[in-house]
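See structure below.
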């Protein structure tokens, strides 16, 4: 069973909904509210090609998303953090999911 949920927002989609519906904290909170999810992730494509903002939220204090974000040059708090990464979408997601999976395993989840 996966203990994380990911969502992706393309630049095109973000532009279409930005004025009316977009509120990043609410988007990631939807993923966080799913039963069984321990870490919610939001991958947001930025204007600059190959750049992504990743938001991390943890529902379990044993999973410190700040340390995960710091691994990628970001930071924040134990239960809410973020980082900016460069690469192809699949590469960025693979790197982040590997780090989250390792953190979950370390926490015994």
Is it the case that some residue within region 51-63 is at pLDDT below 95 and at positive phi? no
If a residue has to be at pLDDT below 85 and crowded, with 18+ Cβ neighbours inside 10 Å to count, how many in region 33-42 make the cut? 0
If you go through region 32-55 one residue at a time, how many are free of Cβ contacts under 8 Å to residues at least 40 places away in the same chain and in a loop (DSSP other than H, G, I, E, B)? 10
Among (1) under 13 Å from the mean Cα position of the chain (by Cα); (2) assigned to a helix (DSSP H, G or I); (3) without any contact (Cβ under 8 Å) to a residue 40 or more places away in the chain, residue 91 falls short only on (1)
Restricting to region 92-109, count the residues that are touching a strand residue (DSSP E or B) at 6+ places or on another chain (Cβ under 8 Å), surrounded by fewer than 17 Cβ atoms within 10 Å (Cβ to Cβ) and over 17 Å from residue 3 (Cβ atoms). 1
Residue under evaluation residue 68, criteria (1) in a helix (DSSP H, G or I); (2) over 16 Å from residue 32 (Cβ atoms); (3) within 12 Å of the chain's Cα centre (by Cα); (4) in contact (Cβ under 8 Å) with a residue 24 or more places away in the chain, criterion not met: (2)
Note on region 61-75: residues surrounded by fewer than 18 Cβ atoms within 10 Å (Cβ to Cβ) and touching a helix residue (DSSP H, G or I) at 6+ places or on another chain (Cβ under 9 Å) are 62, 67, 71, 75
What is the number of the single condition among (1) surrounded by fewer than 18 Cβ atoms within 10 Å (Cβ to Cβ); (2) under 26 Å from residue 13 (Cα atoms); (3) modelled with pLDDT of 95 or more that residue 89 does not meet? (3)
Counted residues in region 94-109 being free of Cβ contacts under 8 Å to residues at least 40 places away in the same chain and over 14 Å from the mean Cα position of the chain (by Cα) come to 3
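The values are calculated or read from the model by the stated rules, or taken from the named source; none is laboratory data. All values derive from a computational prediction rather than experimental measurement. Cβ coordinates were reconstructed from backbone atoms using ideal geometry, including for glycine residues, and neighbour counts include every protein chain displayed.
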